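Participant: Sending over a structure as structure tokens; questions will come in a sec.
Computed from the coordinates by the stated procedures, all read-outs in this text should not be read as laboratory data. Given the structure is predicted, the values throughout are model-derived calculations rather than measurements. Please note: Cβ atoms are built from the backbone with ideal geometry, for glycine as well, and neighbour counts cover all protein chains shown.
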Amino acid sequence: MQHQYEVIIVGAGGAGLMAALYASRGARTAVLSKLYPVRSHTGTAQGGVGAALGSEEEDRPEWHTFDTVKGSDYLGDQDTIEFMCEQAVPVVYELEHMGLPFNRTPEGRIAQRPFGGHTNNETGKNVRRACYAADRTGHMILQTLYQQCIKNNITFFDEFQVLDLLITDGVCCGVVAYELATGELHTFHAKSVIIAIGGWGRVWEITSNAHSYTGDGVGITLRRGIPAEDMEFYQFHPTGIYKLGILITEGVRGEGGVLLNSENARFMETYAPTAKDLASRDVVSRAMYLEMRDGRGIDGKRYLNLDVRPDTVNKYAQKDGRTFPDGSPYRLSAADVMAKLPDIIDFCRTYMDVDPVTQPMPVQPTAHYAMGGIPTDVHGRVLIDEKNTVMPGLYAAGECACVSVHGANRLGTNSLLDLIVFGKESGVRAAEFANQNGFVALPDDPVDFTRQQLDALRNGSGKEKAADLRQEMQKVMFDHVGVFRTQDGMREAVDKVRELKERFQEVRVDDQGYLYNTDILEAWEVGCLLDIAEVTAVSALERTESRGAHAREDYPKRDDKKWLKHTLAFLKKDEVELRYKPVTITKFQPKARVY
Amino acid sequence: MKVKLRILRYDPEKDKRPHFENYVVEGQPNDQVLDLLNQVKWYQDGTLAYRRSCAHGICGSDAMRINGVNRLACKVLVKDVGRKIKIEPLLGMPVVKDLIVDMEPFFEHYRSVMPYFVNDDPPPQRERLQSIVERERFDDTTKCILCAACTTSCPSFWASGEYIGPAAFVQAHRFIFDSRDRAAAERLVVLNERMGVWRCHDIFNCTEACPREIEITKAIGELKMAVAKGRID
């Protein structure tokens with residue numbers, strides 16, 4: 001079946017829905033999502049959205065900009081970071097105007113809490129910049145945006161999974177989608193397409209990410225010759241629930257929680273003397289890894305304790321001289337923990353029989369967030385080479401895009417901010433483009449490439465199961481392209497992933513039917529994950545330095561002379577071609593990064 | 001240890017009527033029921049169909065009947081339900097395949113209560129002010145993830161699919177008791193209709209089914225009071 005819309009948005013999380021609200025004001029718009037929109041992964045974000053509102057104490061967008069640049073280990077593009085941090089203030093108020101139920105200060109303003117890497121640039125102390133709604137800020141953003149979409153009669157195609165991007169003579173002209181309910185392939189002819197499909201944590205064994213976070217949009221664009229930028233920079237969040245990977249928000253440490261090793265020592269004091277537990281995520285994850293490697297994991301195991309028991313918090317807050325904004329000594333009560341972190345308590349009780357009010361939480365670093373992705377400019381326009389050539393009609397926003405505002409390491413709260421700022425911007429621009437341009441003809445037999453891929457999965461030899469390949473990939477990527485990396489390990493990962501890609505040709509799905517064939521879509525997603533894993537491992541192997549989330553034991557230092565540049569990885573038939581482009585530096589010259 | 005799963009299967013492309021199939025999988029006490037379903041799907045029978053995404057009780061995809069009670073498969077552990085587990089789709093909605101039901105009727109009821117913020121006054125440059133107490137007034141009902149566990153556990157809904165149902169009431173409550181919202185009166189009209197709040201008989205199934213521990217029956221009680229008085233206290 002064929003459809004025609006001026007703007008097609010792929011994905012209905014924070015970025016997709018924000019884009020939809022804006023694109024639909026100026027153009028005929030539809031949103032395609034493989035999940036019901038309210039199931040999107042934005043809903044699992046917890047701690048807050050960053051904006052220098054200054055509700056609780058002095059703060060400035062310039063400070064937010066510098067913190068983000070520093071957090072990115074100077075790989076973020078400074079012009080786009082500045083844009084994001086300036087837009088943060090009006091766009092968070094805009095969310096509030098849409099009804100988002102933020103927590104409040106005693107004066108009735110939006111409440112803010114400290115988060116890792118966000119500081120008062122004059123004192124160097126942590127600043128309250130994360131605007132929050134308990135520990136379910138992402139849930140509130142997703143719900144609020146979806147509610148507004150209902151109010152504005154946005155057209156949705158729920159449970160339509162996009163499997164291909166259509167391009168005619170270098171111009172994007174639509175997508176191919178698989179309707180889960182029927183198995184039918186649909187062609188969506190469009191003037192502009194916005195890809196907002198989220199991330200790909202399912203490349204790794206331990207992850208905070210949803211099963212459906214399989215990076216489809218990046219898989220699709222790679223196969224259509226569009227590069228992926230900075231894929232070696234993947235964030236491991238310090239505090240995932242041991243073995244399960246479920247996220248425990250950095251807000252726990254924002255409220256005063258501390259990480260403790262088997263000697264009950266607050267080890268972050270050693271690694272980051274000023275910011276301590278609120279150093280940026282790459283720094284904390286590495287410190288945890290080193291503690292565990294040196295035998296200071298709890299009971300000799302691969303986890304550490306995250307402790308937010310009021311006695312512990314108050315002891316360290318006193319030691320640090322931490323105060324409330326009014327200057328009085330900082331205190332946290334059991335009631336505060338329950339009011340500010342209800343979902344965290346629920347997760348710990350449900351999955352671990354641990355009550356965070358009276359017991360420490362067992363945590364380990366968990367694969368969490370892609371800094372890299374589809375290269376875009378500040379307007380969300382997709383860039384297809386190292387000269388920043390724009391592909392007309394194609395946009396990307398949110399986690400799947402690389403603007404690049406996160407560089408080598410993202411600060412907490414900047415992902416939700418990225419979604420709303422660049423979701424909005426790409427929606428506005430995609431509609432503008434649609435108004436100024438006509439429809440470009442679709443290619444002949446637009447569903448051909450998709451059909452070939454699905455036929456292969458239906459008719460393979462059956463010697464391999466997609467689930468086995470996925471598990472082997474997740475293991476090798478977690479072991480060797482994780483928090484710490486070496487030449488040999490990454491080489492092994494590249495070889496292994498290539499072997500798995502060969503074996504993927506032998507997959508045959510059990511389900512040969514058409515109604516809700518989730519078997520074939522899961523298998524297809526494994527194909528995407530394998531392409532992404534290959535591109536990630538190859539990009540990482542080539543970068544002989546340590547920067548942000550890319551930490552190499554064999555090259556422990558940052559090397560600005562050689563590596564202050566973005567990687568662009570092109571997926572070719574039997575290899576990955578790497579090219580590079582410069583980082584945009586405006587106000588802040590790279591310097592040593594100390595927390 | 002071995003865990004026995006008894007799953008209600010139905011594939012309209014092959015089956016005349018739903019039937020149970022049995023599977024044995026290796027499980028640990030702390031495994032989620034979702035993990036067990038994944039084991040079946042990934043290693044025994046790929047045709048088994050169910051929805052899932054976040055796997056920690058936030059996205060609301062995997063509500064189903066587990067040993068006769070509505071639960072999220074990712075939020076109930078083997079140790080909670082034992083080594084013999086019966087799994088069926090949610091009641092009261094059309095089954096499309098295996099554990100997947102047609103969610104459209106559910107979202108239709110959701111949309112009927114104006115589940116969105118309304119305030120047409122020009123917004124201030126900064127935020128609309130709201131006190132901590134005003135914000136707390138509707139906190140509980142902001143937690144809803146629209147999983148449908150409540151509505152599909154409600155006898156009034158089983159009796160009539162036209163009943164708006166607890167999930168939509170929770171959404172109505174979230175806005176009606178928000179001090180910033182201006183459309184409470186319009187929502188109360190909807191709630192007072194034949195298929196509105198008066199079909200709720202305080203059976204508490206919804207409250208027990210809610211994986212987010214929202215006090216749904218209490219919220220509906222507050223809505224009934226508001227409808228009866230014609231105002232919000």
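Participant: Could you tell me which Cys residues in chain B have no other cysteine's Cβ under 4.7 Å from their own Cβ, answering none if every one has a partner?
Facilitator: B:C74, B:C144, B:C147, B:C154, B:C200, B:C210
Participant: Of the options A:F504, A:I220, B:P29, report the single residue whose Cα projects farthest towards the positive end of the charge dipole of the protein assembly as shown (beta-carbon charges: Lys, Arg +1; Asp, Glu -1).
Facilitator: Going by the charge dipole, the pick is B:P29.
Participant: How shielded is A:509-516 by partner chains, expressed as the average number of their Cβ atoms within 10 Å of its Cβ atoms?
Facilitator: Details: counts 2, 6, 9, 3, 7, 1, 9, 12.
Across the residues of A:509-516, the mean count of other-chain Cβ atoms within 10 Å is 6.
Participant: How would you rank A:72-81, A:26-35, A:337-346, B:127-136, highest first, on the average number of other Cβ atoms within 10 Å across their residues? Don't skip to the answer; put the middle values down first.
Facilitator: Details: A:72-81: 24.6, A:26-35: 22.9, A:337-346: 20.2, B:127-136: 16.0.
The packing order, highest mean first, is A:72-81, A:26-35, A:337-346, B:127-136.
Participant: On to the next question. For the protein assembly as shown, give me the percentage of DSSP beta bridges that are antiparallel, rounded to the nearest 5 percent. Let's see the in-between values first.
Facilitator: On the way: 65 of 94 bridges.
The antiparallel fraction comes to roughly 70 percent.
Participant: Right, something else. Mind checking the dipole of segment A:1-102: about its Cα centre, +1 per Lys or Arg Cβ, -1 per Asp or Glu Cβ, Debye to the nearest 20? Could you put the intermediate results ahead of the total?
Facilitator: Working: 6 positive and 14 negative charges, 185 e Å.
Dipole of segment A:1-102, to the nearest 20 debye: 880 debye.
Participant: Compute the length gained on full extension between A:E386 and A:R579: take 0.36 nm times their separation in residues and subtract their Cα-Cα distance, giving the result in nm to one decimal. Write out the running numbers ahead of the final one.
Facilitator: Numbers: separation 193, 0.36 × 193 = 69.48 nm, distance 0.69 nm.
That pair, A:E386 and A:R579, stretches by 68.8 nm at full extension.
Participant: Filter the cross-link list A:K34/A:K565; A:K34/A:K340; A:K276/A:K424; A:K387/A:K572; B:K2/B:K75; B:K41/B:K143 down to pairs whose alpha-carbon distance in this structure exceeds 23 Å.
Facilitator: Working: A:K34/A:K565 34 Å; A:K34/A:K340 32 Å; A:K276/A:K424 35 Å; A:K387/A:K572 19 Å; B:K2/B:K75 20 Å; B:K41/B:K143 31 Å.
Over 23 Å Cα-Cα: A:K34/A:K565; A:K34/A:K340; A:K276/A:K424; B:K41/B:K143.
Participant: As an exercise, use a Förster radius of 60 Å and the Cβ-Cβ distance of A:D554 and A:S328 to find the FRET efficiency, rounded to the nearest 0.05.
Facilitator: On the way: r = 49 Å, r/R0 = 0.82.
E(calc), rounded to 0.05, equals 0.75.
Participant: Amide H to amide H under 5 Å from B:E162: which residues, 5+ apart in sequence or cross-chain, H placed 1.01 Å off N in plane?
Facilitator: Long-range HN contacts for B:E162: none found.
Participant: Roughly how big is segment B:66-114's charge dipole about its Cα centre, with Cβ charges of +1 (Lys, Arg) and -1 (Asp, Glu), in debye to the nearest 20? List each step's numbers first, then the result.
Facilitator: Numbers: 8 positive and 6 negative charges, 84 e Å.
Using only the charged Cβ atoms, the result is roughly 400 debye.
Participant: Can I ask one more? Of the chymotrypsin sites (Phe, Trp or Tyr not before Pro) in segment B:1-95, which ones lie in a loop per DSSP and count no more than 16 other C-beta atoms within 10 Å?
Facilitator: Numbers: sites: B:Y10, B:F20, B:Y23, B:W42, B:Y43, B:Y50; in loops: B:Y10, B:Y50.
Listed in order of number, the matching sites amount to none.
Participant: Also, I was wondering about something else. Please list 3J(HN,Hα) in residue order for segment B:6-16, calculated via the Karplus relation 6.51 cos²θ - 1.76 cosθ + 1.60 where θ = phi - 60°; whole Hz, with x for glycine and proline.
Facilitator: Running phi through 6.51 cos²θ - 1.76 cosθ + 1.60 with θ = phi - 60° gives 10, 10, 6, 10, 7, 10, x, 6, 10, 9, 6 Hz.
Participant: Something else about it: Sequence neighbours fewer than 8 away in the same chain don't count; with that in mind, list the lysines whose C-alpha is under 19 Å from A:K301.
Facilitator: Partners found: A:K243, A:K475.
Participant: Please list, by residue number, every one of the GluC sites (Glu not before Pro) in segment A:61-166 that is coil in DSSP and has at most 11 other beta-carbon atoms within 10 Å. Display every interim value, and only then the final one.
Facilitator: Values: sites: A:E62, A:E82, A:E86, A:E94, A:E96, A:E107, A:E122, A:E159; in loops: A:E107, A:E122, A:E159.
Those satisfying the criteria are A:E107, A:E122.
Participant: What are the lysines whose alpha-carbon lies under 22 Å from the alpha-carbon of A:K573, with same-chain residues fewer than 8 places away excluded?
Facilitator: Result set, ordered by chain and number: A:K496, A:K501.
Participant: Report the label-to-label distance for A:Q359 and B:E215 in nanometres (one decimal), using points 7 Å from each Cα along the Cα→Cβ vector.
Facilitator: In this crude spin-label approximation the distance works out to 2.7 nm.
Participant: Grab the Cα-Cα distance for A:K572 and A:D495, subtract it from 0.36 nm times how many residues apart they are, and report the gain in nm with one decimal.
Facilitator: On the way: separation 77, 0.36 × 77 = 27.72 nm, distance 1.57 nm.
Here the answer is 26.2 nm.
Participant: Quickly estimate the mean residue ellipticity at 222 nm for chain A, helices only: each DSSP H run with n ≥ 4 gives -39500 (n - 2.57), and the total goes over all residues, rounded to 500. Intermediate values should be presented prior to the final figure.
Facilitator: Details: 17 runs with 214 residues, N = 595.
My calculation for chain A gives -11500 deg cm²/dmol from helical runs alone.
Participant: Which cross-chain or sequence-distant (5 or more) residues have an amide H under 5 Å from the amide H of B:D31, H modelled 1.01 Å from N in plane?
Facilitator: Long-range HN contacts for B:D31: B:V78, B:K79.
Participant: Step through the residues of segment B:133-148 one at a time and calculate ³J(HN,Hα) from phi using the Karplus curve (6.51 cos²θ - 1.76 cosθ + 1.60, θ = phi - 60°), rounding each to whole Hz and writing x for Gly and Pro.
Facilitator: Here the 3J(HN,Hα) series is 5, 4, 5, 5, 4, 10, 4, 4, 7, 6, 7, 4, 10, 6, 7, 6 Hz.
Participant: Cut-off 13 Å, label point 7 angstrom out along Cα-to-Cβ of A:Q318: give me the residues of segment A:243-263 whose amide nitrogen falls inside.
Facilitator: Label zone hits: none.
Participant: Sorted by packing (mean other beta-carbon atoms within 10 Å per residue), highest first, where do A:213-223, A:464-474 land?
Facilitator: Numbers: A:213-223: 26.0, A:464-474: 20.0.
Highest to lowest by the protection proxy: A:213-223, A:464-474.
Participant: State, to one decimal in nm, how far the label point of A:D445 lies from the label point of B:M225, with both points 7 Å from Cα in the Cβ direction.
Facilitator: 6.8 nm
Participant: Can you give the relative contact order of chain A as a percent, counting alpha carbon pairs under 8 Å and 6+ residues apart?
Facilitator: Values: 1457 pairs, mean separation 130.7, N = 595.
The normalised contact order for chain A reaches 22 percent.
Participant: If I model a spin label at B:E136 and B:K4 as a point 7 Å from the Cα along the Cα→Cβ vector, what separation in nanometres do I get?
Facilitator: Inter-label distance under the simple model: 5.1 nm.
Participant: Which ³J(HN,Hα) values in Hz, rounded to whole numbers, follow from the phi angles of segment A:424-433 under the Karplus curve 6.51 cos²θ - 1.76 cosθ + 1.60, where θ = phi - 60° and Gly and Pro get x?
Facilitator: 3J(HN,Hα) across segment A:424-433, in whole Hz: 4, 4, 5, x, 4, 5, 5, 5, 4, 4.
Participant: Moving on to the next point. Across the residues of A:106-118, average count of Cβ atoms on other protein chains within 10 Å?
Facilitator: Working: counts 2, 3, 9, 4, 5, 2, 0, 0, 0, 0, 0, 0, 0.
Across the residues of A:106-118, the mean count of other-chain Cβ atoms within 10 Å is 2.
Participant: Something else: Compute a Gaussian network model of chain B, connecting alpha carbons closer than 10 Å, and tell me which residue from B:V24, B:V33, B:V170 fluctuates the most.
Facilitator: Checking each option, the largest mean-square fluctuation is seen for B:V24.
Participant: Name the long-range amide H neighbours of A:F156: under 5 Å, sequence gap of 5 or more, or other chain; modelled H, no Pro or chain starts.
Facilitator: A:V31
Participant: Taking the dipole about the Cα centre of segment B:104-229, with the C-beta of Lys and Arg at +1 and of Asp and Glu at -1, give me whichever of B:S153, B:N192, B:Y163 is farthest to the positive side.
Facilitator: Towards the positive end, the residue furthest out is B:N192.
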